1. Being among the small types (Gly, Ala, Ser) and in contact with a helix residue (DSSP H, G or I) (Cβ under 6 Å, 6 or more places away or on another chain) is the filter; apply it to the range 350-364 and report the residue that is nearest to Leu397 (Cα to Cα).
2. Within the range 371-394, can you find the residues that are touching a residue at least 12 places away in the same chain (Cβ under 8 Å) and in a loop (DSSP other than H, G, I, E, B)?
3. Looking at the structure I just gave you, is Thr270 crowded, with 16+ Cβ neighbours inside 10 Å and not small (Gly, Ala, Ser)?
4. Looking at Ser333, Ser341 in this structure, which one is in a helix (DSSP H, G or I), small (Gly, Ala, Ser), within 24 Å of Gln179 (Cα to Cα) and in contact with a helix residue (DSSP H, G or I) (Cβ under 7 Å, 6 or more places away or on another chain)?
5. Check off (1) surrounded by fewer than 19 Cβ atoms within 10 Å (Cβ to Cβ); (2) at pLDDT 85 or above; (3) over 30 Å from Pro84 (Cα atoms) for Leu443 and give me the number that stays unchecked.
6. When you scan the range 439-482, how many residues do you find that are touching a residue at least 60 places away in the same chain (Cβ under 8 Å) and under 23 Å from Thr73 (Cβ atoms)?
7. From Ile265, Ile278, grab the single residue that is in contact (Cβ under 8 Å) with a residue 40 or more places away in the chain, within 30 Å of Gly214 (Cα to Cα) and crowded, with 20+ Cβ neighbours inside 10 Å.
8. For the range 1-107, give me every one of the helices (runs of 4 or more DSSP H) that falls completely inside it and has 3 or more residues that are modelled with pLDDT of 80 or more.
Amino acid sequence: MTSRTETNGSQGEDNLHTSPDETDERTHPRAAVAILCLAGIVVALMQTIIVPLIPQLPTLLHADASNTTWAITITLLVGAVATPIGGRIGDMYGKRLAILGSLGFVALGSVACALATSLPVFILGRGLQGLGFGIVALGISVMRDIVPARYLGSAVGTMSASLGIGGALGLPFAAAIAQHVSWHALFWSCAAASALAAVGVVLTVPTNTVTSGGRFDFLGAVGLTGVLICLLLPLSKGAVWGWGDPLTLGCFAGFVVLLGVWALIELRRTNPLIDLRILGERPLLMTNLASIATGFAFYAMQLIPIQLLMAPTNSPDGFGYDMVHASLILAPSGLVMFAFSHISGRINALFGARISLALGGVIIGVGYIVFIVGIAGPWALTWIHMVVIACCIGAGLGIAYSAMPALIMQSVSVEQTGESNGVNALMRIIGTSTASAVVGMLLTWSTITITDPGGSPVEVPASDGYLWAAGIALAACVVASVVAMAIPARRGLTETPV
């Protein structure tokens, strides 16, 4: 049996080690890089615009609060499935075509949400939006095909940072639009941004990117869908169903069984959806494990500070800010992430991408240490401390998220770049989903009841919940750094300043 690894291996090595003189003859496609980053920001906006609406969805859509959580869950599930599958389709039939299809689904889903007057239509729209999750991984893969080697590290870093920029700046934008215009305007804005990005892709991104061809593995796609649903659904809904509920436990058991069956089938196929043999090799395995831990640390800090900043001032450590002001305090993290994504490219060139990934985990950990000391120490946290913490997280993520695709591209052929980057993005999704479940469980466990300034009872997390959540996230940072250092040393993706 001949695997894709064996068939394309020598060709991939040739593409990976193209001589600098040959590669650098190409001009830097700055316009294409900018448009691809815009598409990444659109994806991040799509994920954050829902946040200000969560408390209002039952009223806006005339539905039960327990059912409106599907507006978040469906996007996560569809996005997790679409990311590796979209990467594989991009490798086979063209990454530009896959990006345009993803942007089209985001635009269509945004229009559906903007027009929705009932929960089913809104959930359908959010599911269609989830089909755009793979754009960042696809954009990174396109850059490997079109960007000269000396500029590739910087371009990949910028693309990776687009998620942080959109996530950090999208929250205050979404809160302001929802508060002063209307919630429909949020989704019309997302639809317009998706259409604009699609036009930019058509005008700037070439069609002659590397493709592998072959037959799409539908059985593998169906199997992967079942595996991810059985894992991510209980992680998302376990707090509602109950962690000991038969449905939750049954999903986890189904995940274990389906994963084993799916892996066995994929290993026997000559043209599998995901080449598990390559993923089992030490560089990719360690990179993906570090990505799960980094994704956990990243999303934990997305969940913890916003609740603390918006908690009433008479609650433990509460700041009493509204959504807009709280989001503005955390917004600098996205700008810092963007700046440090470029620094990561230089660290990759000088010391290797594994050092960047380990350093990113250390810097994120410093942010958690500041937070833990601020909560447990004798002095009170201020908004300035929260800005410092957010900047530490942004700097660490900028370095770490830029190092991950560099490590992936050092280890796989050009024909498998989209697939491998898609799997790596999926690992981050698994990390963020696990963080959502763990942090949510801890903050709920520590909930106490206080009286807000208006005299109404309000449930808020106590200090113990914040400390436990931050402590576990700090442990995830340590795991990410240690695992990163276990990746075999290798230099690559060198660059010169633009």
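The values are calculated or read from the model by the stated rules, or taken from the named source; none is laboratory data. For clarity, every value in this text was computed on a predicted model and none was experimentally measured. Virtual Cβ from ideal backbone geometry, glycine too; neighbours counted across all protein chains shown.
1. Let us first name the residues in the range 350-364 that are among the small types (Gly, Ala, Ser), namely 352-353, 356, 358, 360-361.
Checking which are in contact with a helix residue (DSSP H, G or I) (Cβ under 6 Å, 6 or more places away or on another chain) leaves us with 353, 356, 358, 360-361.
On the way: Ala353: 14, Ser356: 10, Ala358: 11, Gly360: 6, Gly361: 8 Å.
Result: Gly360.
2. Ala380, Leu381
3. Values: crowded, with 16+ Cβ neighbours inside 10 Å: no; not small (Gly, Ala, Ser): yes.
When the stated conditions are applied, Thr270 does not pass them.
4. Unique residue meeting the criteria: Ser333.
5. Unmet condition: (1).
6. 10
7. The match here is Ile278.
8. Qualifying helices (runs of 4 or more DSSP H): 30-48, 57-60, 70-93.
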